[in-house]
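Here is the structure we will look at.
The values are calculated or read from the model by the stated rules, or taken from the named source; none is laboratory data. What you see is a predicted model, and the numbers here were worked out from it, not measured in a lab. Backbone-built Cβ (ideal geometry, glycine too); neighbour counts: all protein chains shown. When the accessible area is computed, the model is the full protein with side chains, heavy atoms only, and any ligands, DNA or RNA have been set aside. Shrake-Rupley method; radii C 1.70, N 1.55, O 1.52, S 1.80 Å.
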Amino acid sequence: MTDQALDAPTTAAPAAKENLYTAKPWTLIWWRFRKHVLAMVSLWFLAIMAVMALFAEIVAPYDPFGIERLLTFSPPTAVRIVHDGQLQWPFVYGLARERDPLTARVSYVDDYDKPLPLQFFTSGDEYSFFGLFKTDIHLFGVDSRRDKINLLGTDSLGRDVFSRLVHGARVTLSAGLIGVAFAFVLGLTLGSISGYFGGWIDASIQRLMEFIRSVPTIPLWMGLAAALPIAWDPIFVYVLITLILALIGWTHLARVVRGQFFAIRNEDFVLAARLAGASEFRIITKHMLPSMTSYIIAALTLAVPEMILGETALSFLGLGLRPPVVSWGVLLQDAQNLRSISLAPWLLSPGLAVVFTVLAFNFLGDGLRDAADPYGQ
């Protein structure tokens, strides 16, 4: 072994340490975040969900409101690659309807003589692409008017559950993110003011938060649901629901910010900023808030699942969004009775989507919270 090979590790180690010591804070955060496996998986999962929701018309193979009365409660279509013992391009089998002579119940069986190759970027139902132009290109589908590819089956009206699930992701995820954005502004502003100034200002804001948190949620939503006219535009109702979720959900973040401000408002770096003549606005925004980034990130990432669960639960109970709006909570209304679940258990797929999304946000929050304090370990 040569002397150069022995010296290589010793020369590489100082360079790595130098990069570590001179790296910017956001670079350190990213390095630590990459080590959190569940957080990275959750980030990719949420990114895929966001892209699917943004381009729902393209990803969804069919119109979410398209009714097929001859395909009611059709089971999920399996994508296969083996036909007659030979490898094939991914395909699905057509469905044949059968009716039980005793119970008159309709069932579906695979037509093994009718393989339908899976096609990508194929023509289908026409839609408007972000209101700019009309097109009929979909990510995948089959070249058949009668047979369809229903990855998650169909509902009681023959509507494709996967297409409705993708379109529902747009409403549910946006409601959670927009609601958290409004709650973030309210909670951060009122919490920082309360914790920084204290006194009668803190007491007034605390009484307001206690009043909001003491209002029972279900009776409030029942009253709002009864007060909202049915003739109102669904989009307006969606915006109103999002704003109300934000007005109710900002108190938790405000309490977190207030507590942290009480803990650090007499720290040396804050006193130094005051002696240097910095304004109170600059002290709050440039010195105190950046020092508690990890706490804010943790509170935000936990608030998004709460907003999603809130919209889903209220819509499921009929107190939030209502048809024709498609959200995960609205889709779960089809699974409220035992008969529907026994005939079509795939109608519970929006519930699984909610579970995976909430878990992903929680894991992402854990990773961001740990990575936001790069000097902690």
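For region 61-107, the carbon plus sulfur part of the accessible surface works out to 57%, probe radius 1.4 Å. The stretch between PHE55 and ARG213 holds 53.2 nm of extra length on full extension. This uses 0.36 nm per residue minus the Cα-Cα distance.
Other residues with beta-carbon under 14 Å from the beta-carbon of ASP160 carry, at +1 per Lys or Arg and -1 per Asp or Glu, a net charge of -3. Remark: accessible surface ordering of GLU306, GLU57, GLU126 (largest first) is GLU126, GLU306, GLU57, probe radius 1.4 Å.
Going through (i) 61, 53, 47; (ii) 65, 43, 42; (iii) 87, 80, 41, the figure that equals Cα extents along the principal axes in Å as computed for the structure here is (iii).
Projecting label points 7 angstrom from Cα along Cα→Cβ for LEU317 and PHE65 puts them 2.8 nm apart.
A Förster radius of 22 Å, combined with the Cβ-Cβ distance separating ILE48 from THR122, puts the computed FRET efficiency at roughly 0.55.
Taking a cut-off of 18 Å between Cα atoms, list the aspartates and glutamates near LYS24, but don't count ones fewer than 8 places away on the same chain. Counting by Cα, and skipping residues close in sequence, LYS24 has these aspartates and glutamates nearby: ASP370, ASP373. Taking 0.36 nm per residue of sequence separation and removing the Cα-Cα distance, the PHE262/GLU280 pair yields an extension gain of 5.0 nm.
Listed by chain and number, the lysines whose alpha-carbon sits under 24 Å from that of LYS134, ignoring those within fewer than 8 places in the same chain, are LYS148. Between LEU157 and VAL106, the simple label model (points 7 Å from Cα in the Cβ direction) yields a spacing of 1.5 nm. Distance between the pseudo-spin-label points of LEU271 and ILE81 (7 Å out from Cα toward the beta carbon): 6.8 nm. The slack in the chain from VAL41 to LEU132, taken as 0.36 nm per residue of separation less the alpha-carbon distance, amounts to 29.4 nm. On region 325-371, 68 percent of the accessible area sits on carbon and sulfur atoms, based on a 1.4 Å probe. Accessible surface computed residue by residue for region 247-366, with neighbouring protein chains in place and a 1.4 Å probe, gives 46 Å² per residue. Amide H to amide H distances under 5 Å link ARG159 with GLU68, where only residues 5 or more positions off or on other chains count and H is placed in the peptide plane.
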